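Here is the structure we will look at, set down as structure tokens.
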Amino acid sequence: MKRKWMRFLLITLSIAVLTVSTAVLTGCAPKFKAIIYEQVSINPEFGFVSKAFLLTNVNEVEHHVQTYRTDESTQPYYEELKTNYGDEFFKKNNLVVLYYFDETISSKITVKGIQYDGETVTVLLSRSVPKYCSQQVKECVIVVETEKNAKIASADYRVN
């Protein structure tokens with residue numbers, strides 16, 4: 001009797017693992033696309049404090065660009081925001097614009113994924129620093145395209 005129970009438990013556990021693995025591989029995990037603009041000059045209003053913004057429609061993009069753009073030559077991502085993200089994009093997607101300041105210009109920043117935490121979409125960043133690095137602050141803008149999620153009302157970030 002004990003062996004039958006163990007066999008049943010093992011089969012059930014195997015099915016559960018296969019189901020979760022299949023779900024992750026077939027796209028049930030949050031989908032995203034990230035573009036990182038490095039070595040750009042960010043609006044000094046941020047005062048070297050990283051900030052994330054959730055944009056859910058064209059009007060929010062336009063307002064964001066008008067509010068934060070200071071110099072077109074050093075902020076090319078603003079023109080791309082206005083050009084690449086229209087009404088069609090926002091039917092199925094949201095946009096997170098993350099202004100990220102790092103303590104060294106030598107760091108390598110990548111986007112590992114996104115995570116939905118209640119009403120917040122969190123951009124998961126990976127940061128690597130070489131053994132020898134500069135002390136100059138790195139400014140970068142990270143634009144992340146996410147799937148539309150009606151529950152999400154704000155954006156944040158986390159660095160690992």
Could I have the simple spin-label model distance between D87 and T56, label points 7 Å from Cα toward Cβ, reported in nm to one decimal? 1.9
According to the square roots a ≥ b ≥ c of the eigenvalues of the Cα gyration tensor, what is the shape class of region 31-159, taking rounded for a/c under 1.5, prolate for a/b larger than b/c otherwise, and oblate for the remainder? oblate
Which pairs break 32 Å Cα to Cα here: K31/K108; K92/K131; K91/K138? K92/K131; K91/K138
Taking the Cβ-Cβ separation of T67 and V129 as r and a Förster radius of 41 Å, what is the calculated FRET efficiency to the nearest 0.05? 0.80
Spelling it out for K112: with amide H atoms placed in the peptide plane at 1.01 Å from N, the residues 5 or more places away or on another chain with amide H under 5 Å from its amide H are L124, L125, S126
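No lab work stands behind these numbers, since they all come straight from the coordinates. Just so it is clear, the structure is predicted and the values come from calculations on it, not from any experiment. Glycine gets a Cβ as well: all are built from the backbone with ideal geometry, and neighbour counts include every protein chain shown.
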